[in-house]
Amino acid sequence: MGTIQALRGTRDILPEEVVYWQKVEATAREILGKAAYQEIRTPIFEETGLFERGIGEATDVVGKEMYTFLDRGDRSITLRPEGTAGVVRSFIENGLFAQGGVQRLWYTGPMFRYERPQAGRQRQFHQIGVEVLGSSDPRADVEVIAIANNILQTLGLKTLRLDVNSLGNAEDRQQYRQALIDYLTPYKNELDADSQDRLTRNPLRILDSKDERTKEISLNAPSILDHLSSDSKRHFDRVLQLLTDLGISYELNPRLVRGLDYYTHTAFEIISDDLGAQATVCGGGRYDGLVAQLGGPDTPAIGWAIGLERLIILLQKLQEKPRQFLDFYVVSRGEKAEAQALILGQKLRQLGFSVELDLSGSAFKKQFARADKSGAVGCLILGDEEAENQSVNLKWMTTKEQQTISQVDLLQKTEQLRKEIDSYQHSGVTSGLSRLF
Ligand code: ATP
Ligand code: MG
């Protein structure tokens, strides 16, 4: 019998890589917290109708990418392909709108789409996203873009491009849709198969095609920017002005349409040239109609989602693995010493130190080798003699300085120990034992 493997399009994120994920999550959490965004956690599966109504039946996501199944009670369930629909459902169901004002929410977690797996494209992938509900002010558009920018720059990603477009309001979009159909119809037979199929279902998406001939044809297609009402145009101009005021550079991209149906007005993507075909790290936009469409009160909204797999690919290229610090590695040998080592480790952890206990029971030499590899600042050594005297041998790993002290003393020198370890972690050298004890 063969071994069982992870399903196609899913992957394990092993400890080596998780360090990067934690860095991203911590950075995002901090920046979002400072901007008064609150975290929301919604279920990973929802009633299928939520996505059909929310994202739109004609979209790729609903049309061919959803993980939909019947549960044991014959309900049609879908693993969430994106975060916005669930957040909006929750916003309506929990009456968050009744709190008035603007709701600033963020989420993170796995999303599921049945796609052809390739670098930066999986069937289970992860996003961090924000949704700002209750403001139609162009400043909200710019705030969310600025925050995405902030997160990516703080992580050290500097060579990203921001593309922006406006999709206008529902009416503008409807008119533009027709103009586009009129322009494309004579070329119908020259379009790629997908695009032919989209011509009536979702013609805007044709602008997004990767097919060379289709791209050529759509080069001369009418621009959505020429179909904006004066209100839509005013909103968009203000967004662009504020971006400039904030020193955020952008490129106008009238071909940027985004995959989901619910977008209105501002749409944007943050793109990296280092990701090959899967270049978009962050996608977002305004979706003023969605809350009402899902049965809630008329509520303008805007949000984005960052694809974490793609972000991590970029980070791994750019940065050394974030360092993980360990304060103490504890080696011990002999029944009595091993018991004391366990207790000492536990007490040190309660005092706030990070402690790894060697469980191997092997010779001291082998345990020391592992202590070296562990990256710990200090090694605590307990043998028969230490166990007998209730003492411990403390060895600083960089200087190799060593001293035997009583266990009670060690546990009382918390502050000095902390200082010593911090000085090592900041400068890479310890200041020396003699000064401490
Ligand atoms: P794409 O055109 O690359 O399929 P999309 O328009 O379908 O992207 P969105 O729905 O806007 O993507 O999702 C926001 C971000 O989530 C994307 O920019 C991308 O970084 C990430 N993402 C989307 N689908 C996947 C996937 N299957 N695997 C990994 N990341 C994904
Ligand atoms: Mg997609």
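Candidates in the stretch 314-359 are the residues that are touching a strand residue (DSSP E or B) at 6+ places or on another chain (Cβ under 7 Å) and polar (S, T, N, Q); of these, the one that is least open to solvent (accessible area, probe 1.4 Å) is Ser332.
Of the residues Asp226, Asp237, Asp231, Asp274, the single one that is acidic (Asp, Glu) and assigned to a loop (DSSP other than H, G, I, E, B) is Asp274. Against the condition assigned to a strand (DSSP E or B) and in contact (Cβ under 8 Å) with a residue 24 or more places away in the chain, how does Ile302 come out, does it pass? Criteria met by Ile302.
Taking the condition buried (at least 18 other Cβ atoms within 10 Å of the Cβ) and away from ligand 2 (no atom under 16 Å from the Cβ), does Leu243 pass? Criteria met by Leu243.
Scan the stretch 14-32 and tell me whether some residue there is away from ligand 1 (no atom under 16 Å from the Cβ), open to solvent by 100 Å² or more (accessible area, probe 1.4 Å) and aliphatic (A, V, I, L, M). Yes; the residues of the stretch 14-32 include at least one that is away from ligand 1 (no atom under 16 Å from the Cβ), open to solvent by 100 Å² or more (accessible area, probe 1.4 Å) and aliphatic (A, V, I, L, M).
Take the stretch 291-349 and flag every residue that is β-branched (Val, Ile, Thr), away from ligand 1 (no atom under 16 Å from the Cβ) and closer than 30 Å to Glu269 by Cβ. Selection gives Val291, Thr299.
Rundown of residues vs (1) within 15 Å of ligand 2 (Cβ to nearest atom); (2) open to solvent by less than 50 Å² (accessible area, probe 1.4 Å); (3) within 23 Å of Glu269 (Cα to Cα), yes/no style:
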residue: Ala35; (1), (2), (3): no, yes, yes
residue: Glu39; (1), (2), (3): no, no, yes
residue: Phe45; (1), (2), (3): no, no, no
residue: Arg72; (1), (2), (3): no, no, no
residue: Glu93; (1), (2), (3): no, no, no
residue: Arg104; (1), (2), (3): no, no, yes
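Among the residues of the stretch 146-164, those that are among the β-branched types (Val, Ile, Thr) and within 15 Å of the chain's Cα centre (by Cα) comprise Ile147, Ile151, Thr154. Examine the stretch 356-367 for a residue that is in a strand (DSSP E or B) and under 26 Å from Glu16 (Cα atoms), and state whether such a residue exists. The answer is yes; a qualifying residue exists. Listed by position, the strands (runs of 3 or more DSSP E) inside the stretch 35-93 whose residues that are within 16 Å of ligand 1 (Cβ to nearest atom) and closer than 24 Å to Arg121 by Cβ number at least 3 form an empty set.
The values are calculated or read from the model by the stated rules, or taken from the named source; none is laboratory data. Note that the coordinates shown come from a computational prediction; the quantities given were computed from them, not determined experimentally. Neighbour counts are summed over all protein chains in view; Cβ atoms, including those assigned to glycine, are modelled from backbone coordinates with ideal geometry. All accessible areas refer to the heavy atoms of the entire protein, side chains included, with ligands and DNA or RNA removed. Shrake-Rupley method; radii C 1.70, N 1.55, O 1.52, S 1.80 Å.
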